[in-house]
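Asker: What follows is a structure written as structure tokens; I'll ask about it next.
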Amino acid sequence: MIKVAPSILSADFSNLGAELKKVQRAGADLIHVDIMDGHFVPNITIGPVVVKYIRKTTRLPLDVHLMIENPAKYIDAFVEAGSDMITVHIEVVSLKELAAIAKILKRRGVKFGISLNPATPLAKIKKALALVDFVLVMSVNPGFGGQAFIPSALTKIRQLRAIFKKDIAVDGGINHITGRQVKEAGANILAAGSYIFGAKNTKKAINSLR
Ligand code: DX5
Ligand code: ZN
């Protein structure tokens, strides 16, 4: 089953409630929430206080993508804010921190994901695979919406699918064409920002990814 996760990075933040309702009505499965700190990535977005209000506005599961340094420090705050899934980046956590985060999230009933940047080899996450519920493969360099899909992500997804039976999410440059390619490679959760929020017909855009 394919799940579509609109990334609110491309939403109108002054109308976030209405934007969330719009994608919910159009059949979104999850809400992808991009958290950026200006350190791990060259952009700044939102923190737990906004996630808390997003939680009140939609019934859809919140898929919180932490593009921040020292994610361990903020796990509790994002759990408290109502996250259903939390992803951290392998580039900024040790295996020891990953194990500690996994333990907390399991106890709190929150799904745990590990993400890797386009330049990070799959070998880097091998030891983390046993600790997580899903992997988020980045198909752009994180930081901004609207970038072009990096095709080497397809090989990574294929190789990962051969050794990992749980959910594989992909994030960055997803549209009806790249969406088909990542599904064929083995991904089953598609995060998409500009393609969905920029579409004239939201429902059609979401359905085209499924
Ligand atoms: C990129 C973010 C993505 C972003 C995707 O740093 O993690 O979730 O919103 O945007 P599109 O789909 O426009 O590439
Ligand atoms: Zn993201």
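The values are calculated or read from the model by the stated rules, or taken from the named source; none is laboratory data. Since the model is a prediction, treat every value here as computed from it, not as a measurement. We place every Cβ from the backbone using ideal geometry, glycine too, and count neighbours over all the protein chains shown. For the accessible areas, the whole protein counts, side chains as well, though only heavy atoms, and no ligand, DNA or RNA atoms are used. Shrake-Rupley method; radii C 1.70, N 1.55, O 1.52, S 1.80 Å.
Asker: If the chain were replaced by its equivalent ellipsoid, with semi-axes equal to the square roots of 5 times the Cα gyration tensor eigenvalues, what would those be, largest first, whole Å?
Answerer: Result for the chain: semi-axes of 23, 21, 15 Å.
Asker: Cut-off 17 Å, label point 7 angstrom out along Cα-to-Cβ of His39: give me the residues of segment 59-83 whose amide nitrogen falls inside.
Answerer: The answer is 66-78, whose backbone nitrogens lie closer than 17 Å to the label point.
Asker: Taking all pairs of distinct Cα atoms, average 1/r, flip it, and tell me the Kirkwood hydrodynamic radius of segment 47-138 in Å to one decimal place.
Answerer: Roughly 13.3 Å, rounded to one decimal.
Asker: Another question about this same structure. At R0 = 45 Å, how high is the FRET efficiency between Tyr53 and Thr155 if r is their beta carbon distance? Nearest 0.05 is fine. Could the numbers behind the result be given before it?
Answerer: Values: r = 39 Å, r/R0 = 0.87.
With a Förster radius of 45 Å, E is 0.70.
Asker: I've got another one for you. At 1.4 Å probe radius, can you tell me the per residue accessible area of the chain in Å²?
Answerer: Counting only protein heavy atoms, the per-residue value for the chain is 46 Å².
Asker: At a 1.4 Å probe radius, carbon and sulfur cover how many percent of the accessible area of segment 27-161?
Answerer: Carbon and sulfur atoms account for 56 percent of the accessible area of segment 27-161.
Asker: Let me ask another. Cα gyration tensor of segment 95-210, axes a ≥ b ≥ c as square roots of the eigenvalues: rounded (a/c below 1.5), prolate (a/b > b/c) or oblate?
Answerer: prolate
Asker: Run the quick spin-label model on Lys183 and Ser14: label points 7 Å from Cα toward the beta carbon, then report their separation in nm to one decimal.
Answerer: 3.6
Asker: Write down the percent of antiparallel bridges among all DSSP beta bridges whose residues are both part of the chain, to the nearest 5.
Answerer: 5
Asker: Past 18 Å, Cα to Cα, is the threshold; run Lys73/Lys124; Lys3/Lys56; Lys111/Lys203; Lys22/Lys200 against it and keep the listed order.
Answerer: Table pairs above 18 Å Cα-Cα are Lys73/Lys124; Lys3/Lys56; Lys111/Lys203.
Asker: Show that you can apply the helix-only estimate: for the chain, add -39,500 (n - 2.57) for every DSSP H stretch of four or more residues, divide by all residues, and state [θ] at 222 nm to the nearest 500.
Answerer: -10000 deg cm²/dmol
Asker: How high is the relative contact order of segment 90-138? Use alpha-carbon pairs under 8 Å, at least six apart in sequence, and give a whole percent.
Answerer: RCO, segment 90-138: 43 percent.
Asker: Alpha carbon centre of segment 54-87 versus segment 11-51: separation in Å?
Answerer: 11
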